[in-house]
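The values are calculated or read from the model by the stated rules, or taken from the named source; none is laboratory data. Note that the structure is predicted; figures quoted are calculated from it, not measured. Neighbour counts run over all protein chains shown; Cβ positions are idealised from the backbone, glycine included.
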Amino acid sequence: MKHQIIILSVIIVLTSCNQKQEPILITSADFNKSVDKVGEVMVHDIFSPPVASRVFAYPNIAAYEIIAQNNDDYKSLAGQVTDLKSIPKADTLQPLNFQLAALIAHIDLSKRLIFSEQKIEVYRDNLSVALRYKSKSFS
């Protein structure tokens with residue numbers, strides 16, 4: 001009986017390690033929803049037009065720069081936008097979902113630039129739950 005439990009445990013461990021992990025698919029709709037949420041919060045917070053343009057621009061530039069690292073069709077804006085320096089290069093030896101990283105950067109930077117941070121946090125947490133549901137590999 002003891003040997004059967006050990007064998008069963010080993011089989012469970014081995015089969016659980018072989019589960020195929022699906023990558024998290026981030027679409028343009030996910031980015032659009034994030035931008036829309038920031039716009040909704042900015043209306044609530046009543047930003048002046050110059051401040052609102054920065055709240056829109058900075059997170060989008062951050063997301064673009066991350067995606068540009070993994071896509072030769074996109075050129076970095078460093079040196080093209082005044083005072084914008086290159087962001088650190090991603091470690092290409094590690095698996096990285098550039099679209100997910102860009103979306104997280106967009107959400108986190110947006111949160112830092114607005115007053116009603118809790119509204120962005122709720123959006124981020126709901127998105128995290130939805131992504132976990134879509135892909136079991138998200139942790």
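Just one of (1) of a type outside the set (K, R); (2) assigned to a helix (DSSP H, G or I); (3) in contact (Cβ under 8 Å) with a residue 24 or more places away in the chain fails for V122. It is (3).
Looking at segment 58-73, which of its residues are in a helix (DSSP H, G or I) and of a type in the set (S, T, N, Q)?
Start the filter on segment 58-73 by keeping residues that are in a helix (DSSP H, G or I), which leaves 58-68.
Scanning segment 58-73 gives a single hit, N60.
Only residues that are closer than 10 Å to V38 by Cα and of a type in the set (D, E, K, R) were counted across segment 100-116, and they come to 1. Give the residue that is modelled with the lowest pLDDT, with candidates limited to residues of segment 125-139 that are in a loop (DSSP other than H, G, I, E, B) and not hydroxyl-bearing (S, T, Y). So, considering only residues that are in a loop (DSSP other than H, G, I, E, B) and not hydroxyl-bearing (S, T, Y), the one modelled with the lowest pLDDT is F138. Among the residues of segment 89-108, are any in contact with a helix residue (DSSP H, G or I) (Cβ under 9 Å, 6 or more places away or on another chain), under 22 Å from D45 (Cβ atoms), of a type outside the set (A, V, I, L, M) and part of a loop (DSSP other than H, G, I, E, B)? Checked segment 89-108: no residue is in contact with a helix residue (DSSP H, G or I) (Cβ under 9 Å, 6 or more places away or on another chain), under 22 Å from D45 (Cβ atoms), of a type outside the set (A, V, I, L, M) and part of a loop (DSSP other than H, G, I, E, B). Remark: pairs (first residue in segment 78-99, surrounded by 11 or more Cβ atoms within 10 Å (Cβ to Cβ); second residue basic (K, R) and at pLDDT 90 or above; Cβ separation under 8 Å; 6+ apart in sequence or on different chains) = A78/K85.
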